[in-house]
1. Which is open to solvent by 40 Å² or more (accessible area, probe 1.4 Å), touching a residue at least 12 places away in the same chain (Cβ under 8 Å) and touching a strand residue (DSSP E or B) at 6+ places or on another chain (Cβ under 9 Å), of 127, 160, 121?
2. Name the residue that is nearest to residue 205 (Cα to Cα), counting only residues in the range 106-159 that are in a helix (DSSP H, G or I) and of a type in the set (Ser, Thr, Tyr).
3. Take the conditions of a type in the set (D, E, K, R) and surrounded by 14 or more Cβ atoms within 10 Å (Cβ to Cβ) and apply them to residue 144. Does it pass?
4. Residue 125 fails exactly one of the following numbered conditions: (1) within 22 Å of residue 237 (Cβ to Cβ); (2) at pLDDT 95 or above; (3) out of contact with any Leu (no Cβ under 9 Å at 6 or more places or on another chain). What is the number of that condition?
5. Let me spell it out: the conditions are (1) farther than 25 Å from residue 24 by Cβ; (2) aliphatic (A, V, I, L, M); (3) assigned to a strand (DSSP E or B); (4) open to solvent by less than 20 Å² (accessible area, probe 1.4 Å), and residue 230 meets all of them except one. Which number is the exception?
6. Working only within the range 1-37, note down all residues that are of a type in the set (D, E, K, R) and either in contact (Cβ under 8 Å) with a residue 24 or more places away in the chain or under 22 Å from residue 128 (Cα atoms) (or both).
7. How about the range 189-198: which of its residues are touching a Phe, Trp or Tyr at 6+ places or on another chain (Cβ under 7 Å) and outside any loop (DSSP other than H, G, I, E, B)?
Amino acid sequence: MKTDVIGDVHGCFDEFYRLTEKLGYNWESGLPRHPEGRKLAFVGDLTDRGPHSLKMITVAASLHREKEAYYVPGNHCNKLYRYFLGNNVKILHGLETTIAELSALTEEERIGYRDSFIELYETSPLYQVLDEGRLIIAHAGIKENHIGKNNNRVKTFVLYGDITGEVNEDGTPVRRDWAMEYKGRPWIIYGHTPVMKPRKMNNTVNIDTGAVFGGELSAFRYPEMKIISVPSTMPLVKEKFRTFP
C-alpha cells in the first residue's frame, strides 16, 4: 500500500493544495487523485485556526466517502463533532474561526457541512492500523500496548497525547514525551504537537510542522519513509512550536 500521511492542516487549504500537487496528485476532478493510485491519510485536526476549514471538510469527507483516503480524528475534530451534535463546548482555541465560516452560510449549507463532518467522524476509527499492523496513524500518538484497544484511556491518549493533568499558561495540557519511550515495531505517524521540523524518534514520526503557525505542512510517504513539505503562508508564531532536548 502506498500512502501519503498529511500532518495537521488546521484549515490551511492552500498549503494542502500545494503539498498534494508536490506529491503528484492532480485536481482535475475537484479532488486530489494520484495517477499511481496512492491514497491520502489525514492525521486529524482538519479545521480551526486557519482560513479554509470548510474546504478541508469537503475534501476529506468526499475522499473518505469514496474510500480514497484514510482519516483519524484529532482533538479539534472531536470538539467540532461535539459542537455539531449540539453539546455545550467552549468556542476557544480556534473553533471560533470554523464557526465564523459556518455563520456566513445559509442554514441549508451549514446543515450540509454538519452532516458531512458527522458522517466522516462517525465512520472513521479512532486510529488507523494499516499494512497488516506495520503502520499506525494516530492523532497525538499511541502506546504500543494500546494498539487494538478502544477504551476511554486510549481515546484520551490518542486525542490529547500523554497528558500529565497539569496545564500550560495558554490553557493547553502539559504533555509527556511518549515517543522517547516507544520501543514498538509498528511505525506510528502522528501530529498534534507542533515542531519546526518533522521529528523522528524510535519508530515514530511527528509530522505536525505547524502550518497554521507559519511553519510548514508536511506529509510522510509510506512505504518510502520520506517526508515532503511545503512552506506556510501564515504568520510565524514561534512560541507555538515545541522544542525537544
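The values are calculated or read from the model by the stated rules, or taken from the named source; none is laboratory data. What you see is a predicted model, and the numbers here were worked out from it, not measured in a lab. Quick reminder, even Gly has a Cβ in these numbers, built from the backbone with ideal geometry, and neighbours come from all protein chains shown. Heads up: the accessible areas ignore ligands, DNA and RNA and are worked out on the full protein's heavy atoms, side chains in. Shrake-Rupley method; radii C 1.70, N 1.55, O 1.52, S 1.80 Å.
1. Details: 127 fails: open to solvent by 40 Å² or more (accessible area, probe 1.4 Å); 121 fails: open to solvent by 40 Å² or more (accessible area, probe 1.4 Å).
Criteria check complete, one pass: 160.
2. 156
3. Working: of a type in the set (D, E, K, R): yes; surrounded by 14 or more Cβ atoms within 10 Å (Cβ to Cβ): yes.
Taking the combined requirement at face value, the residue satisfies it.
4. Failing condition for residue 125: (1).
5. Among (1) farther than 25 Å from residue 24 by Cβ; (2) aliphatic (A, V, I, L, M); (3) assigned to a strand (DSSP E or B); (4) open to solvent by less than 20 Å² (accessible area, probe 1.4 Å), the lone unmet condition for residue 230 is (1).
6. Scanning the range 1-37 gives 2, 4, 8, 14, 15, 18, 22, 33, 36.
7. Start the filter on the range 189-198 by keeping residues that are touching a Phe, Trp or Tyr at 6+ places or on another chain (Cβ under 7 Å), which leaves 189, 194-196.
Within the range 189-198, just 189 meets the criteria.
So that you can scan it fast, the table gives a plain yes or no per residue for (1) touching an Asp or Glu at 6+ places or on another chain (Cβ under 8 Å); (2) of a type in the set (Lys, Arg); (3) surrounded by 22 or more Cβ atoms within 10 Å (Cβ to Cβ):
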| position | (1), (2), (3) |
| --- | --- |
| 180 | no, no, no |
| 193 | yes, no, no |
| 215 | no, no, yes |
| 219 | yes, no, yes |
| 242 | no, yes, no |
